[in-house]
Amino acid sequence: MIVLALDVYERERALRIAEDVREYISMIKVNWPLILGSGIGIIRELKERTGLPMIADLKLADIPNTNRLVAKKVFEAGADYIIVHGFVGRDSVRAIMELGEIIMVVEMSHPGAEEFIQPVADKLIEIANEIEPFGVIAPGTRPERVRYIRKMLKKGIKIFTPGIGAQGGSARKALEAGADYIIVGRRIYGAEDPRRAAEELYKEVRAWSSG
Ligand code: 3DU
């Protein structure tokens, strides 16, 4: 299943792309670029136009009280899931979970993730297994890590893998390794024809999951 990472600034462009690719994706993820470019109201607008669940990728990483204050506004704005960092500790993560569904970062996809996050991934998996978020973020650029995280993670917790396409990760390899959702941004919204790019990816993913 495909999650569109809609990292554009402009409201019109975001709405147009979302509508164009709607039938090929399962959820839309908004991050700071779109929220800063178009305002927090874009979450509800996208949700109403597409009918899809919305992920707010804010990677919250603050003390429990601040996490709570921010998350309250973002859930009120229509987000169905908020992405949060686990390295700040269980209390900060739980503060958000009390308000709504979360996806917790266990390991990131960029090269720098090997510096600090990867070495503590086991501890982050342990937190995830204890608090049972809706899902976790694992690196689509490192299928062997996705496989490991899948093995260690409680069943039922979904794995979302960014890093597919522009960052070099392969959709098929991430799914084979145990990802439930692949997160894809530039490969779709940066394509000359986003609808075609989404359709191609959808067919690739479907061919794999049905075969
Ligand atoms: O590289 P792309 O254009 O497909 O975008 C990936 C999106 O996923 C983007 O919003 C980025 O901020 C987010 N993300 C990662 O790329 C890697 C992570 O570990 C977590 C989130």
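The values are calculated or read from the model by the stated rules, or taken from the named source; none is laboratory data. Bear in mind that the values here come from a model prediction, so they are computed numbers and not experimental data. Cβ coordinates were reconstructed from backbone atoms using ideal geometry, including for glycine residues, and neighbour counts include every protein chain displayed. Note: areas computed on protein heavy atoms with side chains; ligands, DNA, RNA excluded. Shrake-Rupley method; radii C 1.70, N 1.55, O 1.52, S 1.80 Å.
Of all residues in region 183-211, those satisfying the criterion of being of a type in the set (Lys, Arg) and either open to solvent by 90 Å² or more (accessible area, probe 1.4 Å) or more than 15 Å from the ligand (Cβ to nearest atom) (or both) are Arg186, Arg195, Arg196, Lys203, Arg206. Listed by first and then second residue, the pairs linking a residue in region 183-211 that is within 25 Å of Ile137 (Cβ to Cβ) to a residue that is among the hydrophobic types (A, V, I, L, M, F, W, C) and more than 15 Å from the ligand (Cβ to nearest atom), with Cβ atoms under 6 Å apart and 6 or more places separating them unless they lie on different chains, are Trp208/Leu175.
Taking region 160-182 as the range and being open to solvent by less than 10 Å² (accessible area, probe 1.4 Å) and either near the ligand (Cβ under 8 Å from one of its atoms) or closer than 15 Å to Arg16 by Cα (or both) as the test, the residues that pass are Gly163, Ile164.
Of all residue pairs spaced 6 or more apart or on separate chains, those with beta-carbon atoms under 8 Å, a first member in region 30-45 that is aliphatic (A, V, I, L, M) and a second member that is in a helix (DSSP H, G or I) and surrounded by fewer than 19 Cβ atoms within 10 Å (Cβ to Cβ) are Ile40/Lys73; Ile42/Arg11. Taking the criterion of being within 17 Å of the chain's Cα centre (by Cα) and surrounded by 19 or more Cβ atoms within 10 Å (Cβ to Cβ), the residues of region 89-113 that qualify are Val93, Ile96, Met97, Ile102, Ile103, Met104, Val105, Val106, Glu107, Met108, Ser109, Ala113.
Criterion applied to Phe75, Phe116 was being under 20 Å from Thr141 (Cα atoms) and either open to solvent by 50 Å² or more (accessible area, probe 1.4 Å) or assigned to a helix (DSSP H, G or I) (or both), and the one residue passing it is Phe116.
Within region 150-173, the set of residues being closer than 20 Å to Pro133 by Cα and either out of contact with any Ser or Thr (no Cβ under 7 Å at 6 or more places or on another chain) or not in a loop (DSSP other than H, G, I, E, B) (or both) comprises Arg150, Lys151, Met152, Leu153, Lys154, Lys155, Gly156, Ile157, Lys158, Ile159, Phe160, Thr161. Kindly establish whether Glu132 is free of Cβ contacts under 8 Å to residues at least 12 places away in the same chain and away from the ligand (no atom under 14 Å from the Cβ). So Glu132 fails the test. Is one or more of the residues making up region 141-150 free of Cβ contacts under 8 Å to residues at least 40 places away in the same chain, hydroxyl-bearing (Ser, Thr, Tyr), on the phi < 0 side of the Ramachandran plot and out of contact with any Pro (no Cβ under 8 Å at 6 or more places or on another chain)? Yes - at least one qualifying residue is present in region 141-150. Pairs linking a residue in region 8-27 that is in contact (Cβ under 8 Å) with a residue 60 or more places away in the chain and open to solvent by 30 Å² or more (accessible area, probe 1.4 Å) to a residue that is hydrophobic (A, V, I, L, M, F, W, C) and assigned to a helix (DSSP H, G or I), with Cβ atoms under 8 Å and 6 or more positions apart or on different chains, are Asp20/Ala198. Among the criteria (1) open to solvent by 10 Å² or more (accessible area, probe 1.4 Å); (2) under 21 Å from Ala18 (Cβ atoms); (3) of a type outside the set (S, T, N, Q), the one Ile131 does not fulfil is (2). Is it the case that Gly37 is within 16 Å of the ligand (Cβ to nearest atom), in a helix (DSSP H, G or I) and over 26 Å from Pro139 (Cβ atoms)? Yes.
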